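What follows is a single structure, written as structure tokens, with notes after it.
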Amino acid sequence: MPLAITRSDYAGLLDQADQAALTDDLRTYFGPHAEIFLATYEKIHRRRGFGRMMPATWSWQVLFTSYAWLYYRKLWLSATLAALASALPLGLPALADNALSMTLTLLMCVYGKPWYVRVALSQLAKADQLGLSGDARRHYLLQAGGTSPLAAGIASVAMAGLMVWSVWPMLRDSYALLSAIGL
């Protein structure tokens, strides 16, 4: 039995007859504030054709917390890649580097919730492949999904540290300039 989940595995869940059971599984997987993601799931469920799986949405949480939101939602790989992309100097001029960072943040704001719903659907498809039901399924979905406030807190502290690190030379130069002119 292969455990590789393909798009057709989780896309098929959208059209299954028992949407109430699917919604309950999604609610279990999403954890706190599940209603936000269930509304995004409903958008996906109602759509047809091209773009069905990635409707444009908006997330203020992602705008203000960036990759910490991804860690909070236990999207470990996506969070780590986003953190690295925002932390690594790419050797680009400052304007281009900032534009790239802002573009990535805006893409996360628009497509973060649908991405998370797709991840949830793939976890439900994996639970189906594993033949999980009842308490075993619920336990699996709780472990795979939900939130990690600790990871979000650590990511937030790291993000604040990166911000201070990135503006420190400017602050140091400003202090030196003010000292030189006697202010």
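The modelled label-to-label distance for the pair ASP135/LEU177, using points 7 Å beyond Cα in the direction of Cβ, is 6.6 nm.
Computed from point charges on the beta carbon alone (+1 for Lys and Arg, -1 for Asp and Glu), the dipole magnitude for the chain about its Cα centre is near 220 Debye.
Peptides 106-114, 174-182 ranked from most to least packed by the mean count of surrounding Cβ atoms within 10 Å: 106-114, 174-182. Length gained on full extension, ARG46 to ALA17, computed as 0.36 nm times the residue gap minus the Cα-Cα distance: 9.1 nm. Would you please classify the overall shape of the range 137-183 from the alpha carbon gyration tensor, given that a ≥ b ≥ c denote the square roots of the eigenvalues, rounded means a/c under 1.5, and beyond that prolate means a/b larger than b/c while oblate covers the rest? Note, shape of the range 137-183 comes out prolate. Going Cα to Cα from LYS74, which lysines come in below 18 Å? Please leave out same-chain ones fewer than 8 positions away. Within the straight-line cut-off, LYS74 pairs with LYS113, LYS126. Take the Cβ-Cβ distance between MET53 and VAL167 as r, set R0 to 45 Å, and report the resulting FRET efficiency rounded to the nearest 0.05. FRET efficiency, MET53 to VAL167: 0.70.
Among the listed options [x] 16.8; [y] 17.8; [z] 18.5, the one matching Kirkwood radius over Cα pairs in Å as calculated from these coordinates is [z]. Say each of THR80 and GLN143 gets a label point 7 Å from the Cα, pointing the same way as Cα to Cβ; how far apart are those two points in nm? Going from the THR80 label point to the GLN143 one covers 1.9 nm.
Throughout, read-outs are computed from the coordinates displayed, never taken from laboratory work. As the structure is a prediction and not an experimental result, all values here were calculated from the model. Counting neighbours? That spans all protein chains shown, and the Cβs are built from the backbone with ideal geometry, glycine included.
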